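**Q** Structure incoming, see below.
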Amino acid sequence: KSSVRGMKRRVLDEAPGDIVVLAVHLCGTLSLKALDLFNSHEKCSFLVLKPCCLPGLVHSKRDEIFVVGDHSFDAKEVCSNGRFKGNVWKGPPRHLIRGKFERWARNLEQGAKLRGDGVRKLENITVQTEGGFQN
């Protein structure tokens, strides 16, 4: 929280105009942090978010509820094990985690604060077809 406050004070508050938040390859719960940053300041007018790996199973085992913006969801809906080690996927086959990744993306989208006549748009752009949903 303190680093977000510092960024807000030193960067967002000082920006002369609208701010675009570009958040790419965010592993685990870092996507939630990017949304918190976007939602925290009125100057943040556009968000591009490309999550990476799903949150780890530890969040599910702790019975956590993720809260972002005005939206909340159960960690059990989206958590999974698995990571890339080098260029090799170590985890469940892609077809077994596809649904969780789609739910993760939808929940992240719902957590984005709309401003003015803003819209939410979820796009699926395939970059890779092997392993998890990273990259």
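**Q** How much mean residue ellipticity at 222 nm does the chain get from its helices, if each DSSP H run of length 4 or more adds -39500 (n - 2.57) and you divide by all residues, to the nearest 500 deg cm²/dmol?
**A** That calculation yields -8500 deg cm²/dmol at 222 nm.
**Q** Note down the magnitude of the dipole of the chain about its Cα centre, charges +1 on Lys and Arg C-beta and -1 on Asp and Glu C-beta and zero elsewhere, to the nearest 20 debye.
**A** In total the dipole reaches around 460 debye.
**Q** Please give the per residue accessible area of the chain, computed with a probe of 1.4 Å over protein heavy atoms only, in Å².
**A** 63
**Q** Using +1 at the C-beta of Lys and Arg and -1 at the C-beta of Asp and Glu, which of Gly17, Gly6, Val88 has the Cα lying farthest in the positive direction of the dipole of the chain?
**A** Positive-most Cα among the choices belongs to Val88.
**Q** Label 7 Å along Cα→Cβ of Lys121; segment 32-53 residues with amide nitrogen under 18 Å?
**A** 45-51
**Q** Follow-up. Which one, Cys53, Leu32, Ile65, projects farthest toward the positive side of the charge dipole computed for segment 19-135 from Cβ point charges (K/R +1, D/E -1)?
**A** The residue sitting farthest along the positive end of the dipole is Cys53.
**Q** Using a probe of 1.4 angstrom, how much of the accessible area of the chain is carbon and sulfur, in percent?
**A** Values: 4560 of 8530 Å².
Answer for the chain is 53 percent, counting heavy atoms of protein chains only.
**Q** Which aspartates and glutamates have a Cα less than 18 Å from the Cα of Lys61, not counting those fewer than 8 places away in the same chain?
**A** Partners within reach: Asp74, Glu77.
**Q** Another question about this same structure. Summing +1 for each Lys or Arg and -1 for each Asp or Glu, what net charge is found among the other residues whose Cβ lies under 13 Å from the Cβ of Ala105?
**A** +3
The values are calculated or read from the model by the stated rules, or taken from the named source; none is laboratory data. What you see is a predicted model, and the numbers here were worked out from it, not measured in a lab. Quick reminder, even Gly has a Cβ in these numbers, built from the backbone with ideal geometry, and neighbours come from all protein chains shown. These area figures cover heavy atoms from the full protein model, side chains too; ligands, DNA and RNA do not enter into them. Shrake-Rupley method; radii C 1.70, N 1.55, O 1.52, S 1.80 Å.
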